[in-house]
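For reference, the structure discussed in these notes is given below.
The values are calculated or read from the model by the stated rules, or taken from the named source; none is laboratory data. All figures in this text were calculated on a predicted structure; none of them were measured in a lab. In this analysis, Cβ positions are derived from the backbone assuming ideal geometry, glycine residues included, and neighbour counts consider all displayed protein chains. Please note that ligands, DNA and RNA were not included when accessible areas were found on the heavy atoms of the full protein model with its side chains. Shrake-Rupley method; radii C 1.70, N 1.55, O 1.52, S 1.80 Å.
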Amino acid sequence: MAKGKKPITFTICRILRHAPEELELTMDEHGWVPVSQLIANLARLRGYTLTREELARIVAEDNKGRYRLSADGERIKACQGHTIPWVRPELRYHTPPAILYHGTNEPALREILRCGYLSKMERHAVHMQPDLEKAWQSARRWRLPAAVIEIDAARMAADGIPLGESDNGVWCAEQVDAKYFLRIIR
């Protein structure tokens, strides 16, 4: 890898979730882009060489399951986490697990508690995990003191708040009010 060049996995994640225009990608409303275009434009615009097999391995081995390849292998998308205003992640709306978890850092937690809710900020949704360890994984990515908020998803659903599940098992909601916080785990 050239000095100063980001790992290809970082680049793919950022491009598919936040900046497809940087690689001149044709992205549909659900975030799907042609694999051939991604591979060609990574080489042309960033100097990365990547085969379809290597891309399939990146998708299969991603520890958070961030990406999906279409059944025919011709398209790829990020499952959720987009900040692109016109992309609408494909979510399945059904009964969530009783408890969900949201990983965060201590400075953000202070702001969440001050405001009284979890905000989606620039993303399309607040992300929640059914698995505590995956929430910790998200919380620790900041390299700051971490915390996890335990959320009463059953009560949210009973109150009529839509909760959608992404292809990789992340649950999404527009906002989570503090009245649904069961506890803060530090």
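Checking the stretch 77-84 against the condition returns no match, with no residue being over 17 Å from the mean Cα position of the chain (by Cα), β-branched (Val, Ile, Thr) and outside any strand (DSSP E or B).
All of Gln129, Gln137 fail the test of being within 19 Å of Leu91 (Cα to Cα) and not hydrophobic (A, V, I, L, M, F, W, C), apart from Gln129. Among the candidates Thr26, Thr11, Thr95, the residue that is closer than 24 Å to Val148 by Cα and either β-branched (Val, Ile, Thr) or under 13 Å from the mean Cα position of the chain (by Cα) (or both) is uniquely Thr95. Of all positions in the stretch 122-142, none carries a residue that is surrounded by fewer than 14 Cβ atoms within 10 Å (Cβ to Cβ) and on the phi > 0 side of the Ramachandran plot. Scanning the stretch 14-37 for residues that are in a helix (DSSP H, G or I) and in contact with a strand residue (DSSP E or B) (Cβ under 6 Å, 6 or more places away or on another chain) yields Leu16, Arg17, Val35. In the set (1) surrounded by 21 or more Cβ atoms within 10 Å (Cβ to Cβ); (2) within 26 Å of Leu69 (Cα to Cα), the condition left unmet by Asn168 is number (1). Screening Ala158, Ala125 for residues that are of a type outside the set (Lys, Arg) and under 24 Å from Arg68 (Cα atoms) leaves exactly one candidate, Ala125. Listed by first and then second residue, the pairs with beta-carbon distance under 9 Å, at least 6 apart or on different chains, first residue in the stretch 52-67 and within 18 Å of Ser166 (Cβ to Cβ) and part of a loop (DSSP other than H, G, I, E, B), second open to solvent by 50 Å² or more (accessible area, probe 1.4 Å) and acidic (Asp, Glu), are Gly65/Asp167.
Candidates are the residues of the stretch 54-76 that are of a type in the set (Lys, Arg) and more than 16 Å from the chain's Cα centre (by Cα); the one that is surrounded by the most Cβ atoms within 10 Å (Cβ to Cβ) is Arg75. Taking first residues from the stretch 171-182 that are surrounded by fewer than 21 Cβ atoms within 10 Å (Cβ to Cβ) and partners that are among the aromatic types (Phe, Trp, Tyr), the Cβ contacts under 7 Å between residues at least 6 apart in sequence or on separate chains come to Gln175/Tyr117; Asp177/Tyr117; Ala178/Tyr117. Please enumerate the residues belonging to the stretch 143-165 that are farther than 22 Å from Glu122 by Cβ and open to solvent by 30 Å² or more (accessible area, probe 1.4 Å). Residues satisfying the conditions are Pro145, Asp152, Ala154, Arg155, Ala157, Ala158, Asp159, Gly160. Within the stretch 100-123, residues that are touching a residue at least 12 places away in the same chain (Cβ under 8 Å) sit with their Cβ atoms under 7 Å from residues that are among the aromatic types (Phe, Trp, Tyr) and surrounded by fewer than 21 Cβ atoms within 10 Å (Cβ to Cβ), at 6+ positions apart or across chains, in these pairs: Gly103/Trp136; Asn105/Trp142. For Gly31, the conditions (1) touching a Cys at 6+ places or on another chain (Cβ under 9 Å); (2) under 22 Å from Arg141 (Cα atoms) are fulfilled apart from (2). If the condition is being among the aliphatic types (A, V, I, L, M) and either in contact with a His (Cβ under 6 Å, 6 or more places away or on another chain) or open to solvent by 40 Å² or more (accessible area, probe 1.4 Å) (or both), then the stretch 83-114 contributes Leu91, Ala98, Ile99, Leu113.
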